[in-house]
Every structure is written in C-alpha cells, then in structure tokens.
Amino acid sequence: KILRINPDGSIPEDNPFYNELSGQQRAIYAYGFRNPFTMAIDPMTGTIITNDVGSNNFEEVNAVIAGGNYGWAQEEGPGTAPFPDNYVAPLHAYDHGVGCAVIGSAFYRPALQHFPPEYTGRYFFADYCEGIIWTMDPATGNVFPPFATGIERPIALHTAPDGSLYY
C-alpha cells in the first residue's frame with residue numbers, strides 16, 4: 001500500500017478510502033504493490049511514481065493514482081488476467097532478464113539545469129543488480145536508452161538544486 005497522511009499525522013479527508021474504511025486504514029491512498037521501494041513526486045505536476053520491486057518475473061514503474069489497484073498478488077508486470085475496475089497497469093515493466101530490483105527515483109526539474117533540455121521533466125530510475133540508470137517520459141511511459149551503466153549497486157537517486165544527479 002501507499003499511505004497518505006498530513007504533516008501533523010492526521011489522515012486527509014479526501015483520501016480515496018477515507019469514508020469506506022476506519023481507523024488507520026483510511027490512510028490508504030493506493031494498493032496492490034508488492035514492495036514499493038522508492039517513489040518520487042514531480043514538483044511541477046504533482047505526478048507520483050513508485051518503483052515496485054517484483055517477485056519472480058517483473059519489475060514495475062507505476063504512476064500512482066488515488067484509489068488505484070496495482071494488482072499484487074494476482075499480477076506482476078504487464079499482466080494478462082481479467083482486471084478489476086480500478087486496476088492500473090504499470091507505466092513500464094521489465095523482466096528479470098534485464099534486471100532484478102527497480103530502485104532509485106527522481107524527477108529532473110532542478111533550478112539550474114546541466115543536462116540537455118530533453119531531460120527536463122524526465123523520471124530517472126535504476127536497477128540495483130545491473131547498475132543501470134534509465135530515464136522515462138512520465139506522460140507516455142516511454143523509456144530511453146540507458147543514461148548510465150556500470151554503477152555499483154545504485155540504491156537512491158536525487159536531483160540537487162544545482163542540476164546534479166546523485167546516486
């Protein structure tokens with residue numbers, strides 16, 4: 001699950017399950033994830049993307065929407081079974097022939113930009129085992145050729161105000 005709470009610890013009354021559930025369960029914003037290891041929020045658009053580490057077959061990059069069901073444990077990756085009404089397919093999924101753990105997440109929107117303009121607004125994510133960082137267009141889910149390779153087990157990504165990308 002992805003939970004959403006206010007800075008003071010209270011639960012926002014506009015959470016999707018606030019009126020359907022009780023107690024702390026009202027904090028549920030989206031569900032059906034196996035291991036949402038990292039997430040990032042685009043400071044410009046508010047888009048939320050999480051990297052869900054898979055089990056046997058696939059790694060997923062998911063656009064998180066209020067009330068969305070991302071299918072775990074019935075689905076992993078692009079899925080083939082009949083889906084419930086609120087099922088949300090991954091923006092991007094890759095099988096374990098490509099990597100083993102999708103981690104690290106950052107949107108590139110720094111005040112100073114050092115990368116070429118086409119990187120502005122892209123979502124960066126990495127694979128822990130293969131040491132690869134990719135970029136993705138969050139509007140389309142299109143993933144571009146590797147941004148960086150040969151990295152020793154990247155875990156986190158961060159865009160600094162000076163335009164640097166740290167891993």
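A few points about this structure:
- Segment 23-78, accessible area per residue, ligands and nucleic acids excluded (1.4 Å, Å²): 45 Å²
- With θ taken as phi - 60° and the Karplus curve 6.51 cos²θ - 1.76 cosθ + 1.60 applied, the whole-hertz 3J(HN,Hα) list for segment 83-99 is 10, x, 4, 9, 5, 10, 6, x, 5, 8, 9, 9, 7, 6, x, 9, x Hz, x standing for glycine and proline.
- Cα→Cβ-extended label distance, 7 Å offset, between D8 and H96, nm: 4.7 nm
- With the highest mean first, a sort of the peptides 18-30, 84-96, 141-153, 121-133 on other beta-carbon atoms found within 10 angstrom per residue produces 121-133, 84-96, 18-30, 141-153.
- Relative contact order [Cα under 8 Å, 6+ residues apart], segment 53-104, whole percent: 51 percent
- Taking amide H as placed 1.01 Å from N in the peptide plane, G32 has its amide H under 5 Å from the amide H of Y70, each at least 5 places away in sequence or on another chain.
- Its relative contact order, with pairs defined as Cα atoms under 8 Å and 6+ residues apart, puts segment 1-130 at 20 percent.
The values are calculated or read from the model by the stated rules, or taken from the named source; none is laboratory data. Because the structure is a prediction, the values reported are computed rather than measured. Note that each Cβ is placed from the backbone with ideal geometry, even for glycine, and that neighbours are counted across all protein chains shown. Keep in mind that these areas ignore ligands, DNA and RNA; they rest on the heavy atoms of the full protein, side chains included. Shrake-Rupley method; radii C 1.70, N 1.55, O 1.52, S 1.80 Å.
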